[in-house]
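J.: Here's a structure for you.
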Amino acid sequence: MKKKFLKIHEEYSVAPLTQLMNFGYPSEEMKKILKRPKATMICHYQGSHVSIYFIEEEWVQSGKHIIDMMSHDRKTVDYLLKRSDVLTRKALDALQSISWEKINELSDKKLYQMLKTFVEQAFLLSVYSQLGAMADHWHGLFSERMENEVLNHTRFNPEKQFLQKVISELNLPDKPYPSDFAKEEMIKLKKQIQKTPQKTKRLLESFLERWFWVSYGQMGPGQTYTSLEKDVRKIISLTDFVDIKKRQARLEKTLELNTVQRNLFYASRSFAFLKGARAEICGGVCAFIHKVIEKASLETGIKKEHLLYVSLSELLQYLRAGAIPSETVLIERFLSSVWIPENALQVKILSGSAAKGFLETSTSISDETRGKELAEVKGNVAYAGKVKGQVRIINEPGQIGKMRKGDILVAIQTTPELLPAMKKASAFVTDIGGIISHAAVVAREFKIPCIVGTRMATKVFHDGDLVEVDAQAGIVRIVERKK
């Protein structure tokens, strides 16, 4: 019997052009690292929404294999960190050297060379970071393994050391992201402004030219002059990564973690770092891509929203030879299309009736994505705490405006673009993701209660529902439905 693809992930405010660099799962590079068959994936785009499907058995077996690899030694993780560091530094230097307002003045040949290099760098960063997602995303195998390792350890006393606090502490990334370098510059910027307030505008604009893209995500707009003014006023201190490493070392010693357990937590926090660093660099690459298609839109007359449905290889071909799919073809892809990637630059695209037929015969949706009549959901605790508040479903930047201070942010998953809403939330609840997901990492940084991997929170709860987030037991309960 033919195996069907199972829907295990979805996102809003996305497009294939800005996502293709993230498709490292089915690549030869991933196969080389894992030394096992690739995990096949397909993506169904409808407007700015995507549903992502995998063959369940392939995904679960890959996850188990990665956890087993990580438990034996640190060689693979150290290799990923070393390669990622080199690629991140190169991409960071290139992104900061761009004169963003003058991109249209560059030749197509130069844009081609820059885009090709950026995509290759971002793609490899995605491959390296996605081992963590395969080990934990959707099935939660890595989260479950780490909890069991701590719970079954003789030195763990649940009365004195709360499990989730221990897990959170050992999973804190212990290396700076690109955004941490930006914050370091922001501290210096604040001091400069205090000394020479008459230079405020020039100093802020100079900072934005170098760093606006770090929170860009896939669709932007990234940091603005207004948001930067607020951030500069608020910033007080930087994350102390030396202190984090010391705390983790003390905790590992107190718990008497063995080599396997230390390796697993080392891998977990490394994956969290790799994922965050990749997301920020990819945000910069996406900002560059948007500049390129703005130029292409002016030259071709094709709407920008439709140009987001060319593939990366088609955009490179346009820069090299001037050829691009017609707007009619792109509109058909925009309405409904299936993308089957091999890597960032090799992808099979089905649209119209071909896409519909493929979805009908080759995909299925898990029953776990249904459950609108439930009164509570369960998930994995990413940061402990207990709060009550009103639900706000936030899946894309356009919904951020409805978020109020103290609301419970409920999302399919969180992304850097949703940070303005996350800063107002009293808790995060997500359908998908594990303890190294974006929501989990931000929750630990902001010390906000967080439950991830509920599978169906966005379907059970509605805007205005009063809920209790028990991020100790991993349960979100309805207190009162909105009338």
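The values are calculated or read from the model by the stated rules, or taken from the named source; none is laboratory data. Fair warning: this is a prediction, and the values are worked out from it, not measured in the lab. FYI the Cβ positions are ideal-geometry reconstructions off the backbone, even for glycines, and counts take in every protein chain you see.
J.: Hey, can you tell me all the residues within region 253-288 that are in contact with a His (Cβ under 9 Å, 6 or more places away or on another chain), among the aliphatic types (A, V, I, L, M) and under 30 Å from K304 (Cα atoms)?
T.: A279
J.: So, one more: Among the listed residues A425, A473, which satisfies the condition of being surrounded by 21 or more Cβ atoms within 10 Å (Cβ to Cβ) and either of a type in the set (A, V, I, L, M, F, W, C) or without any contact (Cβ under 8 Å) to a residue 40 or more places away in the chain (or both)?
T.: Details: A473 fails: surrounded by 21 or more Cβ atoms within 10 Å (Cβ to Cβ).
Sole residue among the options that is surrounded by 21 or more Cβ atoms within 10 Å (Cβ to Cβ) and either of a type in the set (A, V, I, L, M, F, W, C) or without any contact (Cβ under 8 Å) to a residue 40 or more places away in the chain (or both): A425.
J.: Let me ask something additional. Of (1) surrounded by fewer than 22 Cβ atoms within 10 Å (Cβ to Cβ); (2) within 28 Å of S351 (Cβ to Cβ), Y53 satisfies all except one. Which?
T.: (1)
J.: Turning to a different aspect of this structure: Mind telling me which of the residues V476, V429, V387 ends up being more than 18 Å from W138 (Cβ to Cβ), assigned to a strand (DSSP E or B) and in contact with a helix residue (DSSP H, G or I) (Cβ under 9 Å, 6 or more places away or on another chain)? Please lay out each step first, then the result.
T.: Working: V429 fails: more than 18 Å from W138 (Cβ to Cβ); V387 fails: in contact with a helix residue (DSSP H, G or I) (Cβ under 9 Å, 6 or more places away or on another chain).
Of the residues listed, the single one that is more than 18 Å from W138 (Cβ to Cβ), assigned to a strand (DSSP E or B) and in contact with a helix residue (DSSP H, G or I) (Cβ under 9 Å, 6 or more places away or on another chain) is V476.
J.: So, in region 244-273, how many residues would count as being more than 28 Å from the chain's Cα centre (by Cα), of a type outside the set (V, I, T), on the phi < 0 side of the Ramachandran plot and surrounded by fewer than 16 Cβ atoms within 10 Å (Cβ to Cβ)?
T.: 3
J.: In a helix (DSSP H, G or I), touching a residue at least 24 places away in the same chain (Cβ under 8 Å), under 24 Å from G433 (Cβ atoms) and touching a Leu at 6+ places or on another chain (Cβ under 8 Å): is that true of S84 in this structure?
T.: Values: in a helix (DSSP H, G or I): yes; touching a residue at least 24 places away in the same chain (Cβ under 8 Å): yes; under 24 Å from G433 (Cβ atoms): yes; touching a Leu at 6+ places or on another chain (Cβ under 8 Å): yes.
Against the criterion (in a helix (DSSP H, G or I), touching a residue at least 24 places away in the same chain (Cβ under 8 Å), under 24 Å from G433 (Cβ atoms) and touching a Leu at 6+ places or on another chain (Cβ under 8 Å)), S84 qualifies.
J.: If you don't mind, there's one more thing I want to ask. Answer with yes or no whether Q164 is surrounded by fewer than 17 Cβ atoms within 10 Å (Cβ to Cβ) and of a type in the set (S, T, N, Q). Quick ask: steps written out before the conclusion?
T.: Values: surrounded by fewer than 17 Cβ atoms within 10 Å (Cβ to Cβ): no; of a type in the set (S, T, N, Q): yes.
The answer is no for Q164.
J.: Further, regarding this structure: Could you grab me the full set of residues in region 303-318 that are closer than 14 Å to H290 by Cα and touching a residue at least 24 places away in the same chain (Cβ under 8 Å)? Show your work before the answer.
T.: Looking only at region 303-318, we keep the residues that are closer than 14 Å to H290 by Cα, and these are 303-312, 315-316.
Correct list: K303, E305, H306, L307, L308, Y309, V310, S311, L312, L315, L316.
J.: Which residues, taken from region 48-75, are closer than 29 Å to W339 by Cβ, assigned to a helix (DSSP H, G or I) and touching a residue at least 40 places away in the same chain (Cβ under 8 Å)?
T.: Passing the criteria: E56, E57, W59, V60, S62, G63, K64, I66, I67.
J.: Can you pull out the residues in region 134-180 that are at pLDDT 90 or above, among the aromatic types (F, W, Y) and not in a helix (DSSP H, G or I)?
T.: Y177
J.: Among the residues of region 311-342 satisfying the criterion of being buried (at least 22 other Cβ atoms within 10 Å of the Cβ) and within 22 Å of the chain's Cα centre (by Cα), which is farthest from A122 (Cα to Cα)?
T.: Ranking the qualifying residues of region 311-342, first place goes to V338.
J.: Then there is this: For V292, state whether it is β-branched (V, I, T), at pLDDT 95 or above, touching a helix residue (DSSP H, G or I) at 6+ places or on another chain (Cβ under 9 Å) and closer than 29 Å to M30 by Cβ.
T.: On the way: β-branched (V, I, T): yes; at pLDDT 95 or above: yes; touching a helix residue (DSSP H, G or I) at 6+ places or on another chain (Cβ under 9 Å): yes; closer than 29 Å to M30 by Cβ: yes.
In short, yes.
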